[in-house]
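Structure, as structure tokens:
The values are calculated or read from the model by the stated rules, or taken from the named source; none is laboratory data. Note that the structure is predicted; figures quoted are calculated from it, not measured. Using ideal geometry, Cβ is built from the backbone for each residue, glycine included, and neighbour counts are taken over all protein chains shown.
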Amino acid sequence: MNSKLNVVYVSAEVSPYAKSGEMADVASSLPKYLSYLGMDVSVFMPKYRRPEIESLPMELVCSDLIVPLGESKVKGRAYRTELGKYDMYFIDSPKYFWREAIYGTGKGEYLDNDERFTFFNRAVLEYLLKAKMPVDVIHCNNWPTALIPVLLNTHYAKKSHFKDVATAFTLHNISYQGEFPAESLALTGLNWHYFNSNELSLNGKFNFLKAGIMYSDVINTVSSSYKKEILTKKYGFGLETILRERKTAFSSIRNGVDYEIWNPANDPYIASNYKAESLDNKLECKRDLIKEFGLSVDTATPLIGVVSHISANKGFDILLESMDELLGMDVGLVVLGQGDETYAERLLGIHKRSPDKVAIKLEFNPFLTHKIVAGADIFLIPSRYEPCGLNQLISFRYGSVPVVRATGGLRETVKAVSADAQTGNGFLFKEYTSQALLGALREAIRCYKKTHLWKKIMLNGLKEDYSWENAAKKYARLYQSSLNLKRGG
């Protein structure tokens, strides 16, 4: 296995600079661990107008990046900043990226996302070409970067710089596909013979995600359970047949957690540091969380934490349906996240009715995420589907017991608690209903009231190891596979 690879990692979001979901966390951690293996890694993302980005010291490395877009040429710029073990490159275009959100607001997606991300894909390739940057593998993530493999095999196929460059494409969530009108194909400069059911179209639309699946050398997703699910009609969202056709190039690598960032023993954002031998210190984190969110519950009351994109896919429909019964229990609830405006307004309404027990903050806030995962007793993830899930892995690390729906990576990593808690690290429910969710929470609360039992469940979670080291080695092997396929090895 060649550890000296030059890897270009491309993502529409990288935490903490821009985030809508777990892909951003992966994009901030995996490149670092790849670099620990000796790889030369460069991360590319759009230059959004965010304070987290604007505050970075960066160098303008290309002031006249000319990007073909349909029949036009659009000017952009590229900046570079050093982030410890790897460099990050920002593709700049105020027209496309100086906006309130990444993909759209709570009211809907931006109508020009096809143009924005076609520009981004092609701008990355134009910069690599212009800068003559050494590259062996380009790692693309989700639909916003899915055109890179297509472009490499079409417009850039005869460019000697890209002759031996392989592509890896990670499917973080197949439900978001980048579906656009057929006319959007014109933005790529490709002719219409590519718009057919065997290549770039699906259900009469230009489908970015399908394009990436069809043209990448290797494809992977983020847990073996999710891989099995998306090969079925129920969870494949129309792409299951295509994925089955590419089964020899399709694998799974479960995400990891960056234990350099997520470690209660030295976490600078929490009120009191702790580890397995000093779990009593977690109580101080609970007091701090109650104070931070302005709740009136005492520390003996079970405190439930939720950190999530607010949407039906993440289970907020059944959570809201269960709220009356949930509030009838002796619990506190803190919710942190952004997303669907309708659900957000309903959550705020519940907070106004029960401010002593329910607290809602509609924001993406890494600082508060640390406080919640450290201070909560129960970490709730009621997702309709969940490709991998990082929050349950983080909650193990912090002794916050997960209550999850048995789907995707949640089913793979959360093991049901046994009666005596000799085994098991959390609680699961199978049916996607509010009553199933409430049943799992009731069982968790029943166990919480048995102090010795609850501590054993917490310790079971703390023993889990979901660090990035092993996952990064699997990605290294995936890259080598992509190169073997590309170069005929």
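For the range 150-188, give me each residue that is farther than 19 Å from TYR479 by Cα, among the hydrophobic types (A, V, I, L, M, F, W, C) and out of contact with any Lys or Arg (no Cβ under 8 Å at 6 or more places or on another chain).
ALA157, ILE174, LEU185, ALA186, LEU187 - these are the residues of the range 150-188 that are farther than 19 Å from TYR479 by Cα, among the hydrophobic types (A, V, I, L, M, F, W, C) and out of contact with any Lys or Arg (no Cβ under 8 Å at 6 or more places or on another chain).
Whether any residue in the range 32-46 is crowded, with 21+ Cβ neighbours inside 10 Å, in a loop (DSSP other than H, G, I, E, B), under 23 Å from the mean Cα position of the chain (by Cα) and among the hydroxyl-bearing types (Ser, Thr, Tyr) is what I want to check.
Scanning the range 32-46, I find no residue that is crowded, with 21+ Cβ neighbours inside 10 Å, in a loop (DSSP other than H, G, I, E, B), under 23 Å from the mean Cα position of the chain (by Cα) and among the hydroxyl-bearing types (Ser, Thr, Tyr), so the answer is no.
Say we look at the range 407-416 and pick out the residues that are touching a strand residue (DSSP E or B) at 6+ places or on another chain (Cβ under 6 Å) and surrounded by 20 or more Cβ atoms within 10 Å (Cβ to Cβ); which of these is nearest to LEU231 (Cα to Cα)?
Step by step, filter the range 407-416, then rank; the result is LEU410.
Determine if the range 221-236 includes at least one residue that is surrounded by 17 or more Cβ atoms within 10 Å (Cβ to Cβ) and part of a strand (DSSP E or B).
Checked against the condition, which is being surrounded by 17 or more Cβ atoms within 10 Å (Cβ to Cβ) and part of a strand (DSSP E or B), the range 221-236 yields at least one hit.
Of these, GLU431, GLU443, which one is exposed (fewer than 13 other Cβ atoms within 10 Å of the Cβ) and modelled with pLDDT of 95 or more?
None of the others qualify; the one that does is GLU431.
So, in the range 294-320, of the ones that are under 26 Å from the mean Cα position of the chain (by Cα) and farther than 19 Å from ILE394 by Cβ, which residue ends up surrounded by the fewest Cβ atoms within 10 Å (Cβ to Cβ)?
ALA312
Evaluate the following for ALA168: is it of a type in the set (A, V, I, L, M), crowded, with 23+ Cβ neighbours inside 10 Å, in the same structural domain as GLY70 (by TED's automatic domain parsing) and outside any loop (DSSP other than H, G, I, E, B)? Give the steps one after another, and end with the answer.
Values: of a type in the set (A, V, I, L, M): yes; crowded, with 23+ Cβ neighbours inside 10 Å: yes; in the same structural domain as GLY70 (by TED's automatic domain parsing): yes; outside any loop (DSSP other than H, G, I, E, B): yes.
For ALA168, the condition - of a type in the set (A, V, I, L, M), crowded, with 23+ Cβ neighbours inside 10 Å, in the same structural domain as GLY70 (by TED's automatic domain parsing) and outside any loop (DSSP other than H, G, I, E, B) - is met.
Find the residue count for the range 265-296, including only residues that are over 18 Å from ASN365 (Cβ atoms) and in a loop (DSSP other than H, G, I, E, B).
Qualifying residue count, the range 265-296: 7.
Return a yes/no flag: does the range 75-98 have any residue that is among the aliphatic types (A, V, I, L, M), in a loop (DSSP other than H, G, I, E, B), at pLDDT 95 or above and buried (at least 23 other Cβ atoms within 10 Å of the Cβ).
no
Working only within the range 325-345, note down all residues that are in contact with a helix residue (DSSP H, G or I) (Cβ under 7 Å, 6 or more places away or on another chain) and farther than 25 Å from HIS370 by Cα.
GLU325, MET329
Within the range 177-203, how many residues are part of a loop (DSSP other than H, G, I, E, B), touching a helix residue (DSSP H, G or I) at 6+ places or on another chain (Cβ under 8 Å) and closer than 18 Å to VAL74 by Cβ?
Number satisfying all stated conditions: 1.
ILE394: touching a residue at least 12 places away in the same chain (Cβ under 8 Å) and either assigned by TED's automatic domain parsing to the domain that holds ASN173 or assigned to a helix (DSSP H, G or I) (or both), yes or no?
Yes.
Restricting to the range 309-345, give me the number of residues that are out of contact with any Leu (no Cβ under 8 Å at 6 or more places or on another chain) and either hydroxyl-bearing (Ser, Thr, Tyr) or not in a helix (DSSP H, G or I) (or both).
Within the range 309-345, residues that are out of contact with any Leu (no Cβ under 8 Å at 6 or more places or on another chain) and either hydroxyl-bearing (Ser, Thr, Tyr) or not in a helix (DSSP H, G or I) (or both) number 9.
So how many residues does the range 221-230 have that are out of contact with any strand residue (DSSP E or B) (no Cβ under 6 Å at 6 or more places or on another chain) and closer than 15 Å to LEU209 by Cβ?
Residues flagged as out of contact with any strand residue (DSSP E or B) (no Cβ under 6 Å at 6 or more places or on another chain) and closer than 15 Å to LEU209 by Cβ within the range 221-230 amount to 3.
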